[in-house]
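Here is the structure we will look at.
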Amino acid sequence: MENRERTLSRDLTATQIPSGDKTPLASGTKVFIHQTLGGSYTVQTDFGLFRLDAKDADAIGEQVTDHSVKTATLANGAPDPEAVWAQLRQVFDPEIPVNIVDLGLVYSMDIAAQPDANPPAYQVVVAMTLTAPGCGMGPAIAEDAKGKILLVPGVAAADVRITWDPAWNQSMISEEGKMKLGLI
């Protein structure tokens, strides 16, 4: 991406960073693209920083891409856990260029059969945290994770919960994440 300066070609609703508030951005608004990770875009305007969803890529002159997951379910119809983890690695804090798994924000991921479902249906439950308790982007990051998990074949429902116990710290970042952040 050579030219990071763009002009919105249509109205859209973006997520303000760091508050997480949904904010309308008007056609003709000038933006500067800071980050393009996980299918979303972090852009700066004259009045703040925003996250644009992948579905709005066309408004900044980018190609809207298919993010469907091409993987098989397990023999019992359950989602492949590796496919769920791969999707979580496509979720980024809009201010940090490292995915939430390598940041150490995901504490657990469980797949459970939903009781009395016929045919069998599976729910994915994720417990995650944020780098700071005051981060207003928490609900937006959790919703992004949920949306990406729901793309995995075999997933009928997803629940992404934010927890503060234990508190996150930099030692939880993976070696790969630390390398991307220049910490090692």
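The values are calculated or read from the model by the stated rules, or taken from the named source; none is laboratory data. As the structure is a computational prediction, the values presented were derived from the model and not from experiment. When we count neighbours, we look across all protein chains shown, and the Cβ atoms used for this are built from the backbone with ideal geometry, even at glycine.
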When only residues in the range 71-84 that are closer than 20 Å to Gln114 by Cβ and free of Cβ contacts under 8 Å to residues at least 40 places away in the same chain count, which is surrounded by the fewest Cβ atoms within 10 Å (Cβ to Cβ)?
Ala75
Among all residue pairs at least 6 apart or on different chains, which show Cβ distances below 6 Å where the first residue, located in the range 24-53, is under 16 Å from Ala145 (Cα atoms) and the second is in a loop (DSSP other than H, G, I, E, B) and among the β-branched types (Val, Ile, Thr)?
Gly38/Val91
Picking from Pro133, Pro153, the residue that is closer than 25 Å to Val69 by Cβ, part of a loop (DSSP other than H, G, I, E, B) and more than 13 Å from the chain's Cα centre (by Cα) would be Pro153
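Listed here are the residues, each with its yes/no results for (1) more than 22 Å from Tyr41 (Cα to Cα); (2) buried (at least 21 other Cβ atoms within 10 Å of the Cβ).
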{"position": "Asp66", "(1), (2)": "no, no"}
{"position": "Val69", "(1), (2)": "no, no"}
{"position": "Val91", "(1), (2)": "no, yes"}
{"position": "Ile96", "(1), (2)": "no, no"}
{"position": "Asp116", "(1), (2)": "yes, no"}
{"position": "Gly136", "(1), (2)": "no, no"}
Pair list, Cβ < 7 Å and 6+ apart or interchain, from the range 132-146 residues that are over 16 Å from Leu49 (Cβ atoms) to residues that are at pLDDT 90 or above and not aliphatic (A, V, I, L, M)
Pro133/Trp164
Residues of the range 54-64 classified as more than 12 Å from Ala14 (Cβ to Cβ) and either free of Cβ contacts under 8 Å to residues at least 12 places away in the same chain or surrounded by 16 or more Cβ atoms within 10 Å (Cβ to Cβ) (or both), total
5
